[in-house]
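A short write-up of the structure that comes next.
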Amino acid sequence: MTKVIKNGTVVTADRSWKADVLFSHGKIVAIGSDLHGDHEYDATGCYVMPGGIDPHTHLEMPFMGTYSADDFESGTRAALAGGTTMVVDFCLPAPQQSLLEALQMWDNKTSKAACDYSFHMAITWWGKQVFDEMATVVDKGITSFKHFMAYKGALMVDDDEMYASFQRCADLGALPLVHAENGDVVAALSQKLLAAGNNGPEGHAYSRPPEVEGEATNRAIMIADMAGVPLYVVHVSCEQAHEAIRRARQKGMRVFGEPLVQHLTLDETEYFNKDWDHAARRVMSPPFRSKLHQDSLWAGLQAGSLQVVATDHCAFTTKQKRFGVGDFTKIPNGTGGLEDRLPVLWTKGVNTGRLTMNEFVAVTSTNIAKILNMYPKKGAIVEGADADIIVWDPKRKKTITSKNQQSVIDYNVFEGVEVTGLPRFVFSRGELSIEEAEVKAKLGHGQFVGREPNAAVNRALSTWKEITAPRKVERTGIPATGV
Ligand code: URP
Ligand code: ZN
Ligand code: ZN
Ligand code: ZN
């Protein structure tokens, strides 16, 4: 059976042009004028774009004494409803747990996934077993490893462990990721705030100032350079972290930065809301920042120093958030956003002129597919690519509310935000999954996407060290003559 999207404007990361898109058996087979198929979908007035890829989700993840509330069923339905056709979720081994055993556990969660998915593997402890199993994980198509520099006493790895793991990534052609916050300083600041009686949700923000993130980002970058490996920094929220990434890129290092749609559009004033629930529902790490930091992140997306926009979807119900009444360090960290990423980014980015449509496609899909080594199977409208396609209606509007969202939680951090720009149709490997506001997604349709290691990884080291290597200086005490 063939399907064709007719009369739309194809928008990719490079260009926009009028064309029909024909697909069959889950793959794009032709792009051109006057194409016909068994089923035709009208895209008049719409943009035909590669489906969104969210490179950062935590579905049904054990964390801070509970499990994140959305699983692969509600999470992937939410993704599709908002035009995201693939998620990359974090497999999180418990300390001392085998990576392969954890992977099996994660695999078992995915039977109801409605869209395609892949995994990053987290390195939560270090030892010969982890070192050995990393190779098997790469063989299984998981070629990115996440390191938490925060959550001291739980997930955090120390610098020597991170350096060893980064070197292993370099050898295996894998990409290391970091959650960059100085976990020791966060722990100290948290204790200081609690001791002074500051136990409300705003204490969470005070305990994680931008300096904590900037320092850790810079440290991770330096360690990656010494290990000779590129680096992907998740949830970049502030200028200090962005600055470290910009500086590294200018020196020729492959460092990638991922802001979240939440940090781009919601600010720190959310934590000063008198309603405890309101503030706690927005507790995540790093916390929301001031408008100046938001401007830095938007500028980074425009200039290319930040490449990707994700959600870090890690949703907890109000009841779960209330575990932290009287002690902000016990509020489960995380916010949702899977259904809202594209509409909010389009509304606050494209409709305001901050992003072009092509940049929008780049940061929500194509750049992610390239960095995670699954392009052009994903992230592209080209013959042979998976038919993960959104037909985007730039005129459709809605007001975001938890009342009709796919996520199972009882609120939405974007509640009340009016968006203009929503999917008309969403196809997941050719399957019609969303038609206007109607979710037709088939549970279990999603497949695992394996990724190849990156052959270039080992050669990522910049020439920076050679330039700054100490010169031979003869200390004669006589000033140089300039000869
Ligand atoms: O607060 C957050 N971001 N929760 C999810 C886990 C993580 O740190 O990414
Ligand atoms: Zn057929
Ligand atoms: Zn994180
Ligand atoms: Zn995360």
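The values are calculated or read from the model by the stated rules, or taken from the named source; none is laboratory data. Predicted model only: the values in this text are computed from it and were never measured. Please note: Cβ atoms are built from the backbone with ideal geometry, for glycine as well, and neighbour counts cover all protein chains shown. Each accessible area value is taken on the protein alone, full model and side chains, heavy atoms only, with ligands, DNA and RNA left out. Shrake-Rupley method; radii C 1.70, N 1.55, O 1.52, S 1.80 Å.
Some points to look at:
- Any chance G379 is surrounded by 23 or more Cβ atoms within 10 Å (Cβ to Cβ), away from ligand 4 (no atom under 16 Å from the Cβ), modelled with pLDDT of 95 or more and not in a helix (DSSP H, G or I): yes
- Screening V29, V4, V11 for residues that are open to solvent by less than 60 Å² (accessible area, probe 1.4 Å) and touching a residue at least 40 places away in the same chain (Cβ under 8 Å) leaves exactly one candidate, V11.
- I142 vs. criteria at pLDDT 95 or above and within 25 Å of L80 (Cβ to Cβ): yes
- Helices (runs of 4 or more DSSP H) within region 174-241 that include 1 or more residues more than 16 Å from ligand 1 (Cβ to nearest atom), at negative phi and modelled with pLDDT of 95 or more: 183-195, 210-227
- Residues of region 4-24 that turn out to be part of a loop (DSSP other than H, G, I, E, B) and under 29 Å from the mean Cα position of the chain (by Cα), as a count: 5
- Selection of first residues in region 234-246 that are more than 17 Å from M222 (Cα to Cα) and of second residues that are charged (D, E, K, R) and more than 14 Å from ligand 3 (Cβ to nearest atom), restricted to Cβ pairs under 7 Å at least 6 apart or on distinct chains, gives the following pairs, ordered by first then second residue: S237/R289; C238/R289.
- Count of region 73-102 residues which are farther than 14 Å from T311 by Cβ, away from ligand 4 (no atom under 16 Å from the Cβ) and in contact with a helix residue (DSSP H, G or I) (Cβ under 6 Å, 6 or more places away or on another chain): 3
- Any hit, region 114-129, residues being of a type in the set (S, T, Y), out of contact with any strand residue (DSSP E or B) (no Cβ under 8 Å at 6 or more places or on another chain), open to solvent by less than 30 Å² (accessible area, probe 1.4 Å) and part of a loop (DSSP other than H, G, I, E, B): no
- Scanning region 382-404 for residues that are in a loop (DSSP other than H, G, I, E, B), surrounded by fewer than 18 Cβ atoms within 10 Å (Cβ to Cβ) and among the charged types (D, E, K, R) yields a count of 1.
- Taken over region 164-185, residues that are within 26 Å of W276 (Cα to Cα), touching a residue at least 60 places away in the same chain (Cβ under 8 Å) and open to solvent by 10 Å² or more (accessible area, probe 1.4 Å) amount to 0.
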